[in-house]
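These notes concern the structure reproduced below.
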Amino acid sequence: MSYARRSCICGLFLLFLALVCEANSGFIGVKDSHFELNGSPFLFNGFNSYWLMHVAADPTERYKVTEVLKDASVAGLSVCRTWAFSDGGDRALQISPGVYDERVFQGLDFVIAEAKKYGIRLILSFVNQWNDFGGKAQYVWWARNAGAQISNDDEFYTHPMLKKYLKNHIEKVVTRLNSITKVAYKDDPTIMAWELMNEPRDQADYSGKTVNGWVQEMASFVKSLDNKHLLEVGMEGFYGDSIPERKLVNPGYQVGTDFISNHLINEIDFATIHAYTDQWVSGQSDDAQLVWMEKWITSHWEDARNILKKPLVLAEFGKSSRGQGSRDIFMSSVYRNVYNLAKEGGTMAGSLVWQLMAHGMENYDDGYCIVLGQTPSTTQIISDQAHVMTALAHSFN
């Protein structure tokens, strides 16, 4: 390649980065049940990559973070959801209550700095329902070791010691000064939103009332530290007792949350749902799963628009490559549904596929792994959705 052509390509890429950085300035907010950025409607297509901090904790592995964020940006993706927790275990961020590994925190610093570079907004989650990367079970183990009498893991939502542990972690993350950008997390618009918990569930109280009290307390605490960023719960979308007939939309069971009442809390800025038809309604045919999926999304969109009056994000969805049927057909159907609902004023704001990985991460593959460029048809479907959502947002101006 000639020097002139190489210089031209480098110049175009630098221009692209400059445009990305300009588009990434300003905090994303909410107005009239839709997202806004710098006074204009904001719609998006995005992705989950839970592993970013974990991998970035090792500086020799950080190129994988860069690869995913760069490729996602080139494809038009603009929001990424990832973990701001790792409690106990391998490469723990929080080694024990209030004790942190600076090396891992610097990994999260790097993730935020790279996301800013490539124009990707981040949704950062504070703790896990599940045991992966510690979760609420790790908090319970810590508290029991400190002498607390705790009968089950769902006391996470009510026990004072456990709530204090989590508040301490939230404060540590929100007030963190990024070692690379020198900007405090709470002042960085690269972060789109905080998430209280990945997929909260409560087997001790299926009504959703216990989780509701916890959400109110934690949401108020987050907003006392940071009123610039948006906040969401991290919910899957299961209905509870507040509107009994809506429970018929659930996939046959409740999990201790209430999509309506949990999201009506004032400090919660937008609603989320997750959906895994190949797990939740696995006995049904591919066509029946798509019908169920459309009903699940549409039902929550109706409630977000008419009852909550807040934006809605499909924050996790995917189809395992190890199961039946076509992932491309499934994703195209979901994206079409999201787009058609988004056209009705922007309350349906976007979706985050589970999940993007870098090349050479096969050991992380849970069946839902997508490497951009590795499967051209899937990459094209994801990129096309990003571009039509961006175009739709511009048409609202």
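Worth a mention:
- Answer residue from the stretch 126-149, given it is of a type in the set (S, T, N, Q) and within 26 Å of the chain's Cα centre (by Cα) and is least open to solvent (accessible area, probe 1.4 Å) among those: ASN128
- The stretch 262-275, residues that are part of a helix (DSSP H, G or I) and open to solvent by less than 30 Å² (accessible area, probe 1.4 Å): ASN262, HIS263
- A count restricted to the stretch 365-383 and to residues that are in a helix (DSSP H, G or I) and either free of Cβ contacts under 8 Å to residues at least 24 places away in the same chain or under 18 Å from the mean Cα position of the chain (by Cα) (or both) stands at 3.
- Taking the numbered list (1) touching a residue at least 12 places away in the same chain (Cβ under 8 Å); (2) farther than 24 Å from TRP83 by Cα in turn, GLU316 passes all entries but (2).
- Of the set (1) open to solvent by 10 Å² or more (accessible area, probe 1.4 Å); (2) over 24 Å from SER351 (Cβ atoms); (3) of a type in the set (A, V, I, L, M), all apply to VAL249 but (2).
- Test: MET235 is open to solvent by less than 10 Å² (accessible area, probe 1.4 Å) and closer than 22 Å to SER78 by Cα: yes
- Qualifying positions in the stretch 278-315 - among the acidic types (Asp, Glu) and more than 18 Å from LYS247 (Cβ to Cβ): ASP278, ASP286, ASP287, GLU294
- A single member of ALA349, ALA358 is closer than 29 Å to GLU61 by Cβ and of a type in the set (A, V, I, L, M, F, W, C), and it is ALA358.
The values are calculated or read from the model by the stated rules, or taken from the named source; none is laboratory data. Quantities reported herein were computed from a predicted structural model and do not represent experimental measurements. A quick note on method: Cβ atoms are made from the backbone with ideal geometry, for glycine too, and the neighbour counts reach across all protein chains shown. Protein only, heavy atoms only, side chains kept; ligands, DNA and RNA dropped before computing areas. Shrake-Rupley method; radii C 1.70, N 1.55, O 1.52, S 1.80 Å.
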